[in-house]
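Engineer: This structure is in structure tokens; I'll ask about it shortly.
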Amino acid sequence: MIDKKYLVLITTILFLLMSFSITVQAVDTAVTIVPQKQFVKAVAGDDSEVTVMIPPGYSPGNYAPRPSELTKFSNAKIYFSMGVPADVQNILPKVEQFNSEIKVVKLAELVGQKYEDRTFENGSRDPHIWLSPKRVKYIIEIIRDELSKLDPDKEKLYHDNAEEYIEKINETDERVQEIINQKDNNYMLVYHPSFGYFAEHYGLNMISIEKGGKEATAKHLEDIIDFAKENDIKRIFYQAEIDSRQTEALAEEINAELIKLDPLAEDYLVNLIDMAKKISGVD
């Protein structure tokens with residue numbers, strides 16, 4: 001007969017071993033921007049470890065992480081690169097210095113093979129692909145497949161979770177379109193041209209004050225003022241992480257409301273609806 005004390009001890013040891021086994025099987029992941037955190041957790045589960053390389057409040061256009069911040073890569077097994085300028089210039093070239101065994105998945109390149117990239121007026125690529133729901137659905141499939149390769153034992157979980165999240169995207173997409181359809185015109189006046197994919201997807205015409213990463217010239221501002229008055233545009237959208245002081249003078253000139261949008265919000269699905277309501281003026 002086994003002593004109860006030994007039975008308890010053996011049970012405790014087995015539990016700890018099982019817990020350790022589960023822990024070591026987790027796929028630690030790194031991503032570029034905040035919205036990707038929800039993408040990975042939707043597929044891998046809420047208890048997955050996801051490191052965001054560009055913190056909230058910083059611009060994906062020019063953020064430059066310090067070496068101490070790049071050490072976050074040291075524990076990650078995979079990096080889902082979004083391909084924004086700060087990523088391409090200041091993060092990707094240094095990844096392997098901090099983790100030579102990490103797998104790098106370049107989402108922008110993969111998505112670009114399935115859906116053609118938008119371009120700005122100067123011909124450069126528009127990197128804001130996460131604001132396109134159809135592209136995000138493909139990103140979810142990529143995350144699902146890559147995590148399944150690293151952790152085959154959880155392949156069914158990843159597939160089931162991905163399918164569930166894609167369905168949520170579809171439902172949100174329909175709701176956003178319903179909200180956008182209530183807008184009194186199809187124009188979207190913005191300071192920084194982050195919303196091209198969003199506008200394209202929902203049938204809007206984005207007009208950007210900033211051009212080529214620079215403030216508008218006097219002539220461009222004059223043209224925008226005339227256009228806004230002719231088309232009764234009463235909202236100008238800006239982002240907190242981008243200096244957009246020019247919008248204040250423009251808003252005063254055309255008697256428009258300044259409204260902040262956050263394309264980098266953590267809760268991607270909720271944010272799509274929130275942005276749609278602000279853009280359409282729907283409560």
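The values are calculated or read from the model by the stated rules, or taken from the named source; none is laboratory data. Keep in mind the model is a prediction, meaning the values are calculated, not measured. Every residue, glycine among them, receives a Cβ derived from its backbone with ideal geometry; neighbour counts consider all protein chains shown.
Engineer: Could you tell me which of the residues L157, L147, L189, L221 is outside any helix (DSSP H, G or I), surrounded by 13 or more Cβ atoms within 10 Å (Cβ to Cβ) and in contact (Cβ under 8 Å) with a residue 12 or more places away in the chain? Let's see the steps before the verdict.
Structural biologist: Numbers: L157 fails: outside any helix (DSSP H, G or I); L147 fails: outside any helix (DSSP H, G or I); L221 fails: outside any helix (DSSP H, G or I).
Result: L189 is the single residue among L157, L147, L189, L221 that is outside any helix (DSSP H, G or I), surrounded by 13 or more Cβ atoms within 10 Å (Cβ to Cβ) and in contact (Cβ under 8 Å) with a residue 12 or more places away in the chain.
Engineer: Residue under question is E178, and the condition is that it be free of Cβ contacts under 8 Å to residues at least 60 places away in the same chain and farther than 19 Å from D117 by Cβ; does it hold?
Structural biologist: Numbers: free of Cβ contacts under 8 Å to residues at least 60 places away in the same chain: yes; farther than 19 Å from D117 by Cβ: yes.
Taking the combined requirement at face value, the residue satisfies it.
Engineer: Can I ask one more? Quick one: D47 ticks every box in (1) modelled with pLDDT of 95 or more; (2) surrounded by fewer than 16 Cβ atoms within 10 Å (Cβ to Cβ); (3) of a type outside the set (G, A, S) except a single one, so which number is it?
Structural biologist: All conditions pass for D47, except number (1).
Engineer: Check whether at least one residue in the range 50-64 is buried (at least 16 other Cβ atoms within 10 Å of the Cβ), over 15 Å from the mean Cα position of the chain (by Cα) and not aromatic (F, W, Y), and report yes or no.
Structural biologist: no
Engineer: Quick test for you: out of D173, D153, D226, D126, pick the one residue that is under 29 Å from E101 (Cβ atoms) and modelled with pLDDT of 95 or more.
Structural biologist: On the way: D173 fails: under 29 Å from E101 (Cβ atoms); D226 fails: under 29 Å from E101 (Cβ atoms); D126 fails: under 29 Å from E101 (Cβ atoms).
Going through D173, D153, D226, D126 in turn, the sole match is D153.
Engineer: Go through the range 192-218 and give me each residue that's without any contact (Cβ under 8 Å) to a residue 24 or more places away in the chain and buried (at least 21 other Cβ atoms within 10 Å of the Cβ).
Structural biologist: Residue satisfying the conditions is A199 alone.
Engineer: Restricting to the range 231-274, and then to whatever is aromatic (F, W, Y) and not in a helix (DSSP H, G or I), can you tell me which residue is nearest to K214 (Cα to Cα)?
Structural biologist: My answer is Y238.
Engineer: Let me ask another. With respect to A218, determine if the residue is among the small types (G, A, S), outside the structural domain of E116 (by TED's automatic domain parsing) and touching a helix residue (DSSP H, G or I) at 6+ places or on another chain (Cβ under 6 Å). If you could, list the steps in order and put the result at the bottom.
Structural biologist: Details: among the small types (G, A, S): yes; outside the structural domain of E116 (by TED's automatic domain parsing): yes; touching a helix residue (DSSP H, G or I) at 6+ places or on another chain (Cβ under 6 Å): no.
It is false that A218 is among the small types (G, A, S), outside the structural domain of E116 (by TED's automatic domain parsing) and touching a helix residue (DSSP H, G or I) at 6+ places or on another chain (Cβ under 6 Å).
Engineer: If you don't mind, there's one more thing I want to ask. Only one of (1) aliphatic (A, V, I, L, M); (2) assigned to a helix (DSSP H, G or I); (3) surrounded by fewer than 14 Cβ atoms within 10 Å (Cβ to Cβ) is not met by A228, so which one is it?
Structural biologist: Status for A228: all satisfied but (3).
Engineer: Inside the range 85-108, can you point out the residues that are under 21 Å from D28 (Cβ atoms) and either within 18 Å of the chain's Cα centre (by Cα) or assigned by TED's automatic domain parsing to the domain that holds G212 (or both)?
Structural biologist: Correct list: D87, I91, L92, V104, V105, K106, L107.
Engineer: Step by step: first the residues of the range 226-257, then only those that are among the β-branched types (V, I, T) and out of contact with any helix residue (DSSP H, G or I) (no Cβ under 8 Å at 6 or more places or on another chain), then the one that is nearest to N205 (Cα to Cα). Which residue is that?
Structural biologist: Taking the candidates together, the pick is T247.
Engineer: Of everything in the range 118-139, what is touching a strand residue (DSSP E or B) at 6+ places or on another chain (Cβ under 9 Å) and surrounded by fewer than 16 Cβ atoms within 10 Å (Cβ to Cβ)? Give them in sequence order.
Structural biologist: Within the range 118-139, T119, F120, E121, N122, R125 meet the criteria.
Engineer: Against the condition at positive phi and modelled with pLDDT under 95, how does G61 come out, does it pass?
Structural biologist: No.
Engineer: Which residues, counting only those in the range 87-129, are β-branched (V, I, T) and more than 19 Å from I142 (Cβ to Cβ)? Talk me through it step by step, then tell me what you get.
Structural biologist: We begin by selecting, within the range 87-129, every residue β-branched (V, I, T); these are 88, 91, 95, 102, 104-105, 111, 119, 129.
Of everything in the range 87-129, just one residue is β-branched (V, I, T) and more than 19 Å from I142 (Cβ to Cβ), namely T119.
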